[in-house]
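The values are calculated or read from the model by the stated rules, or taken from the named source; none is laboratory data. What you are looking at is a predicted structure, and each value in this text was computed from that prediction instead of being measured. Heads up, the Cβs are rebuilt from the backbone with ideal geometry, glycines too, and the neighbour counts pull from every protein chain shown.
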Amino acid sequence: MTTAHENDAARPLALVTGVGRTAGIGAGIAGRLAADGWNVALTLWTPYDERMTWGVEPGATDAVTRTLAAHGAATAAVEADLSDPDAPAFVFDEVERRLGPVTALVMCHCESVDSGLLDTTVESFDRHFAVNARATWLLIREYGRRFTGAHGTGRIVALTSDHTVGNLPYGASKGALDRITLAAAHELAHLGVTANAVNPGPVDTGWMSAETRERMLRLTPLGRLGTPLDTANLVSFLCSPQGQWINGQLLMSNGGLG
């Protein structure tokens, strides 16, 4: 799906991965960037949602793109299995063909299945690293190879997590994502691209049990859970001209969760 507007040339393009549901952090970020004046391309992978407890949200892509278009954004949605090493190049090919070159790469995609040290399978471990770590590297590599924007305008933001206990492959692969992303701040310095990782803390997008929700509320000084908009506000700043000096950082955006 692609939508276009007459003033597209004046709007930079952000590629936001992992936007499969309207309640997700990716959708919140995409909406905020569109409101900020970005065109927005997004990726999704329906089979992931199908095997998760929340299931597929019918019409989610249409709903998200309508929201973006209401802010004047041109949009493109690309279905892509990021566990496939060929997927990142395919995504960039499709996005460039439909909307043009990417200025900001915001990675919200993930594989996240709870399991610990004793019950994680090799297959699950490998899938988590393929999606959360390898795909992050390959997306950044494609971005770096193709970036043609003005020096100082490029942005990379990746969402991370410090959760490991009972969620070993997710947390371990997110740790690898951190290192890959922060390396980009130095290795892409010649392009004037900034790269940061953001840990949004626990944001209830449909995965929390009542017990988890109560525990997170007790541990958060502000007495509420994080929302996709909380994360989107920080990503918005990092992608703005005012956010240029924030570079090579792992940022906590979790309301002071202790």
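Checking the conditions here, which among Gly144, Gly175, Gly166 is surrounded by fewer than 20 Cβ atoms within 10 Å (Cβ to Cβ), modelled with pLDDT of 95 or more, out of contact with any helix residue (DSSP H, G or I) (no Cβ under 8 Å at 6 or more places or on another chain) and more than 19 Å from Asp81 (Cβ to Cβ)? Can you show your working first?
Numbers: Gly144 fails: out of contact with any helix residue (DSSP H, G or I) (no Cβ under 8 Å at 6 or more places or on another chain); Gly166 fails: modelled with pLDDT of 95 or more.
On inspection, the qualifying residue turns out to be Gly175.
May I ask you to verify whether Asp84 is charged (D, E, K, R) and under 25 Å from Val203 (Cβ atoms)? Considered against the rule, which asks whether it is charged (D, E, K, R) and under 25 Å from Val203 (Cβ atoms), Asp84 comes out as no.
Across region 179-195, which residue is nearest to Arg134 (Cα to Cα) among those that are of a type outside the set (A, V, I, L, M) and surrounded by fewer than 23 Cβ atoms within 10 Å (Cβ to Cβ)? Even if it seems obvious, please write down each step before you answer.
First, the residues of region 179-195 that are of a type outside the set (A, V, I, L, M): 179, 181, 186-187, 190, 192, 194.
Checking which are surrounded by fewer than 23 Cβ atoms within 10 Å (Cβ to Cβ) leaves us with 179, 186-187, 190, 192.
Values: Arg179: 12, His186: 19, Glu187: 17, His190: 23, Gly192: 23 Å.
So the residue we want is Arg179.
Would you check which residues across region 150-169 are under 22 Å from Asp126 (Cα atoms), of a type outside the set (D, E, K, R) and out of contact with any Cys (no Cβ under 7 Å at 6 or more places or on another chain) and list them?
Here is the first cut: in region 150-169, the ones under 22 Å from Asp126 (Cα atoms) are 158-169.
With of a type outside the set (D, E, K, R) added as a condition, the list becomes 158-161, 163-169.
Those that are under 22 Å from Asp126 (Cα atoms), of a type outside the set (D, E, K, R) and out of contact with any Cys (no Cβ under 7 Å at 6 or more places or on another chain): Ala158, Thr160, Ser161, His163, Thr164, Val165, Gly166, Asn167, Leu168, Pro169.
Pairing residues of region 127-154 that are farther than 15 Å from Gly18 by Cβ and touching a residue at least 40 places away in the same chain (Cβ under 8 Å) with residues that are of a type in the set (S, T, N, Q) and in a helix (DSSP H, G or I), at Cβ distances under 6 Å and at least 6 apart in sequence or on separate chains, gives Phe129/Ser173.
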